[in-house]
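Values quoted throughout were computed directly from the atomic coordinates according to the rules given, and no laboratory measurement underlies them. Predicted, not measured: the structure shown is a model, and the values here were computed from it. All Cβ positions, even for glycine, are placed from backbone atoms using ideal geometry, and neighbour counts span all protein chains on display.
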Amino acid sequence: MSTKEPYDLIVAGSGPAGLTAAATAAGRGLRVLLAEQMPRAGLKLLVTGGGRCNLSHAVTAAQMMEAFGRQGRFLGPALGCLDPEGLRRFFRGLGLETVVRPDGCVFPAAGSSANVLETLLERARRSGVRLAATSRVFGVRAEHGRVAAVEISGETLPCRAVLIATGGRSYPGLGGSGNGYRLASALGHEIVEPLPALVPLLTVESWPVELAGVSLDNVAVRLAGRGAHATVRQGGLLFTHEGLSGPAVLDLSGEVAVRLSRGGPADLELDFTPGADRSAWESRLDGWRQDRGRSHLARLLSEYIPRALADVLCRNCGIDPESATAGRLRRDEAQALPRAVTATLLTVRGTAGFDRAMLTRGGVSLKEVDPATLESRRVKGLYFAGEVLDLDGPCGGYNLQWAFSSGELAGRSISVR
């Protein structure tokens, strides 16, 4: 790996952010080395979207920023370089067509993450990027407030700029070591505590385990909180052998992890039939008593929710799902069941951890990074892109869009003067 001439740019990490930035910078005539600690580039990209690679979401830049919530405005300049529609044009120009699913998710038409990775690698090769696998960045040396060299696998390589695009701590078996946090911290950057996000949740209650494998397409999940600041997500829900998963739960999991890390409670309220509130269910039960009094209650419930869930909710209300009929429902049971359907409470005892997290919440503090260039405000020539920064969005391609957009912005912004 030795070289006589300093590299203009050394990129740490070959995920979508690193690959995009490296090729863009090399396309500007910069001499670029892409260092990847794993034996192959882009291993985490290969598993995204279940191996199908949900690249983006068909929304506007403004909607994309809104989806990121607390610090979404930081994305503005990056999305100005490459918004969701621009990303589709970008891949089309590289010979990779994309499709938009009815839910707005954008996938490669070929349906494989491997096609996306090979497209990015081919672009990097054509641009003249040098890729060094099994090359861990151990340190970045700065002199007089500017990047001067990088320590890689026993060598010290002089360079004019460094991009840290190492990702977070998710998927540790595929390279999610959190090394970028260590590198940034050594150069004086504040690190917001990294926590698992887009991760299944474990519940105190045992009954969800009885429903392992049962899924619902549309559930409203509320993270219980005080006043108007309660957080709600709506979408699919999956019961697992440990608790809960599915898009609605995953989108809340980062905030749940934050609450748990601070020692606070993390109670979830589940509405299994959004659009039909408690009073609507009370009216429905009245109608069943009058018109379908001899019908088994659990069977009637199964017209709206899975039968296995109907049985569990009945038992949680003290109702025998095998024998109870609508016409013989007691007053207290008739009050308890609508609450169970629209506001079941569950207590989260933990997350499934980084091994099963798709994303990291936390990372390099945005306060010390210029959103217009993604350059460090502390060290000249030091840049950041992708998951290593303290930004996390919901399921559905939002986080990959940020990776591509931030990589493009960084690649355009790298200055070696």
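Structure notes:
- Efficiency of FRET between residue 302 and residue 99 - r from beta-carbon atoms, R0 30 angstrom, step 0.05: 0.30
- Bins of 10 Å, starting at 0 and running to the largest distance - Cα pair percent for region 241-371: 11, 34, 23, 17, 9, 4, 1
- Across the chain, the convex hull enclosing all Cα atoms gives 140 Å³ per residue.
- Placing pseudo-labels 7 Å out from each Cα toward the beta carbon at residue 153 and residue 46 gives an inter-label distance of 1.7 nm.
- Stretching residue 177 away from residue 125 to a fully extended chain increases their span by 16.1 nm, per 0.36 nm per residue minus the current alpha-carbon distance.
- FRET efficiency estimate (nearest 0.05) - Cβ-Cβ, residue 114 to residue 278, R0 41 angstrom: 0.30
- Three semi-axes of the equivalent ellipsoid, region 53-178, Cα gyration tensor, whole Å, largest first: 31, 20, 15
- The charge dipole of region 1-110, taken about the Cα centre with unit charges on the Cβ atoms of Lys, Arg (+1) and Asp, Glu (-1), comes to about 100 debye, rounded to the nearest 20.
- Expressed in units of 2.2 N^0.38 Å, where N is the residue count, the Cα radius of gyration of region 1-94 is 1.27.
- Relative contact order %, region 203-285, counting alpha carbon pairs below 8 Å whose residues are six or more apart: 32 percent
- Cα-centred dipole magnitude for the chain, charges only on beta-carbon of K, R (+1) and D, E (-1), debye, nearest 20: 860 debye
- Pair residue 259, residue 365: separation of 7 Å Cα→Cβ label points (nm): 2.6 nm
- Considering only 202, 152, 61, and ranking their Cα positions along the charge dipole of the chain that arises from unit charges at the beta-carbon of Lys, Arg, Asp and Glu, the one farthest toward the positive end is 152.
- Hypothetical label at residue 290: residues of region 323-347 whose amide nitrogen lies under 18 Å (7 Å Cα-Cβ projection): 326-331, 334-335
- Förster-model FRET efficiency, 45 Å R0, residue 206 and residue 143, C-beta, rounded to 0.05: 0.15
- Helical runs (DSSP H, four residues minimum) scored at -39500 (n - 2.57) apiece and divided by the length of the chain put the mean residue ellipticity at 222 nm at -10000 deg cm²/dmol.
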